[in-house]
1. Can you figure out the FRET efficiency of Glu207 with Lys156, using R₀ = 35 Å and their beta-carbon distance, to the nearest 0.05?
2. Starting with the fewest neighbours, write out Thr167, Thr143 ranked by other beta-carbon atoms found within 10 Å of each beta-carbon.
3. Would you please give the FRET efficiency between Asn50 and Asp148, computed as 1/(1 + (r/R0)^6) with r the Cβ-Cβ distance and R0 = 22 Å, to the nearest 0.05?
4. Using label points projected 7 Å from each Cα along Cα→Cβ, tell me how many nm separate Lys128 and Lys177, to one decimal.
5. Taking the Cα centre of the chain as origin, work out the dipole magnitude from +1 charges on Lys and Arg Cβ and -1 charges on Asp and Glu Cβ, in debye rounded to 20.
6. Quick one: compute the contact order of the chain, relative version, from alpha carbon pairs under 8 angstrom and 6+ residues apart, as a percent.
7. Given a cut-off of under 8 Å on Cα pairs at least six residues apart, what relative contact order in percent is computed for segment 15-63?
8. Provide Rg and Dmax in Å for segment 87-214, with only Cα atoms included in the calculation.
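Every number in this text was worked out from the coordinates using simple rules, so none of it is lab data. All figures in this text were calculated on a predicted structure; none of them were measured in a lab. Cβ coordinates were reconstructed from backbone atoms using ideal geometry, including for glycine residues, and neighbour counts include every protein chain displayed.
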Amino acid sequence: MNIVLLGCPGSGKGTQASLISKKYNLFHLSGGDIARSAAETDTRIADIVNSGKLIPEEEMTSYVMNYLPKVKPDFKNILFEGFPRFISQYEALNKFLYEKGEEIKVVFTLDLTEEEAVRRITSRRICKNDGEVYNLITKKPKTDGVCDICGGELIKRADDNEEDIKTRFENYYANTKKLTDFLKEKGKIISIDGSNSIDEIFKQIEERLEEYVR
Ligand code: AP5
Ligand code: MG
């Protein structure tokens, strides 16, 4: 079962993707993680990612298409999170999977106001070592500044500052929102209220997935 998870910055995509992929044994393909990993060896990409801009849409598609056969050569049971983000990326992924005899089974979007999303992003901290995501308000670590799992230092993500958050939202409205509207028109997307608690959102996603895993 291949799933796509959409949503604005800070809507909880990464948090839910981690829960969903564990429960349903899916490979979690994170567009953001692929982008940040490319940024480690490419200063041009680092400049883009660390300033809240998007990697050019076709270039990002190529990254994913090159990466997928290496990590998931059967192209099954993948949770796509943060990719696709453009209509062109969605169509390219659809075509790519179709050619492999696979498909996108279900698309979710997490609905959240910009105001609440910004509040969550500004209070997010991530572990420098294992990338575990925390929140100073809603998902506090047991000890301040320290990862519960590995003891690593908790830091702010490079693009979690006021200016870059603004850029990320502009990109969201200009691109991903259009993809969401496009899928809504086709009746191919399930909207989930992202303002609920982490557990409640996960419960709602599980309920909607029941019909697909039967
Ligand atoms: P990416 O890493 O995907 O960033 P984003 O879209 O801005 O999303 P975030 O990771 O900020 O938010 P999230 O929705 O994952 O929320 P989270 O679960 O952390 O992409 C980064 C960059 O990579 C892009 O800007 C671009 O440069 C590049 N890129 C990626 N994909 C690309 C593509 N397809 N094409 C081109 N470029 C691409 O939650 C946020 C906080 O809230 C956390 O602290 C969490 O603990 C907390 N929280 C989560 N859920 C809840 C809840 N229900 N209640 C309370 N708190 C919650
Ligand atoms: Mg994320």
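1. 0.55
2. Values: Thr167 15, Thr143 10.
Starting with the residue having the fewest Cβ neighbours, the order is Thr143, Thr167.
3. On the way: r = 26 Å, r/R0 = 1.20.
E between Asn50 and Asp148, to the nearest 0.05, is 0.25.
4. It is 3.7 nm.
5. Values: 33 positive and 37 negative charges, 68 e Å.
Using only the charged Cβ atoms, the result is roughly 320 debye.
6. Values: 306 pairs, mean separation 64.0, N = 214.
Taking the mean separation of contacting Cα pairs over the length of the chain, I get 30 percent.
7. Details: 23 pairs, mean separation 10.5, N = 49.
Dividing the mean separation by the residue count of segment 15-63 yields 21 percent.
8. In order Rg, Dmax, the Cα atoms of segment 87-214 give 17.5, 49 Å.
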